[in-house]
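**Q** Before I ask anything, let me first share the structure, which is written out below as structure tokens.
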Amino acid sequence: MVLQKVLISLCFLLFTNAVFAADQIKFKTKLVSVGTKKINVWIADTESKRSHGMMFKTKWPEKIQGMLFVFEGENRRSFWMKNTFLPLSLGFFDSRRVLLETASMDPPKSLAQLRVDRVLSSNAAKYVLEVPKGWFKKEKIKAGAKLRLF
């Protein structure tokens, strides 16, 4: 019984520290457009920012509608939902900022869930736009749409 309480306390402390660390990352905000739709996004352009992404967020921040991941070169991109509580859609863009494909992922049902949604792009991408799940469909944005940064 004592060991169980110690383990629960330790897990709580680790989770609390991870949430606190994630909140310490500061993202630049940028206006982008996909097709004719303009949105404000956070820019994840370093390894630490890309690693944290939207982890531990329970709602989208005010005035932010997405996160744009910027990579050095084009490669197939892999994303997963570890510690991510918001359902997401992803748009994969090449170096010319042309939308190649989209995918969606759901958050885990609990923190203890070991298998979480994962997505591997079919094509090499330089940019990945994360938005609320269903955004591309709702906005009628399809492959071939152009990503613009302002």
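**Q** Please specify each residue of region 14-23 satisfying the condition of being modelled with pLDDT of 50 or more and either more than 17 Å from the chain's Cα centre (by Cα) or part of a strand (DSSP E or B) (or both).
**A** So in region 14-23, the residues modelled with pLDDT of 50 or more come out as 23.
Listed by number, the list is empty, since nothing qualifies.
**Q** Within region 132-148, identify whether any single residue is within 24 Å of Lys28 (Cβ to Cβ), among the charged types (D, E, K, R), out of contact with any strand residue (DSSP E or B) (no Cβ under 6 Å at 6 or more places or on another chain) and surrounded by 15 or more Cβ atoms within 10 Å (Cβ to Cβ), and answer yes or no.
**A** No - not one qualifying residue is present in region 132-148.
**Q** Taking only pairs six or more apart or across chains, which ones have beta-carbon atoms under 8 Å, a first residue in region 98-120 that is in contact (Cβ under 8 Å) with a residue 60 or more places away in the chain, and a second residue that is surrounded by 12 or more Cβ atoms within 10 Å (Cβ to Cβ) and in a strand (DSSP E or B)?
**A** Filtered contacts from region 98-120: Leu99/Val34; Leu99/Gly91; Leu99/Phe92; Leu99/Phe93; Leu99/Lys146; Leu99/Leu147.
**Q** Here's another thing I want to ask about it. Could you check how many residues of region 84-99 are buried (at least 18 other Cβ atoms within 10 Å of the Cβ) and either more than 14 Å from the chain's Cα centre (by Cα) or assigned to a strand (DSSP E or B) (or both)?
**A** Residues in region 84-99 being buried (at least 18 other Cβ atoms within 10 Å of the Cβ) and either more than 14 Å from the chain's Cα centre (by Cα) or assigned to a strand (DSSP E or B) (or both): 7 in total.
**Q** From the list Phe56, Phe71, exactly one residue is over 12 Å from Asn123 (Cα atoms), surrounded by fewer than 18 Cβ atoms within 10 Å (Cβ to Cβ), in contact with a helix residue (DSSP H, G or I) (Cβ under 8 Å, 6 or more places away or on another chain) and modelled with pLDDT of 95 or more. Which is it?
**A** Working: Phe56 fails: modelled with pLDDT of 95 or more.
Testing whether each residue is over 12 Å from Asn123 (Cα atoms), surrounded by fewer than 18 Cβ atoms within 10 Å (Cβ to Cβ), in contact with a helix residue (DSSP H, G or I) (Cβ under 8 Å, 6 or more places away or on another chain) and modelled with pLDDT of 95 or more leaves just Phe71.
**Q** Which of the residues spanning region 100-150 are within 18 Å of Trp42 (Cα to Cα), in a loop (DSSP other than H, G, I, E, B) and of a type in the set (A, V, I, L, M)?
**A** none
The values are calculated or read from the model by the stated rules, or taken from the named source; none is laboratory data. Only a predicted model underlies this, so the values are computations on that prediction, with no experimental measurement involved. Heads up, the Cβs are rebuilt from the backbone with ideal geometry, glycines too, and the neighbour counts pull from every protein chain shown.
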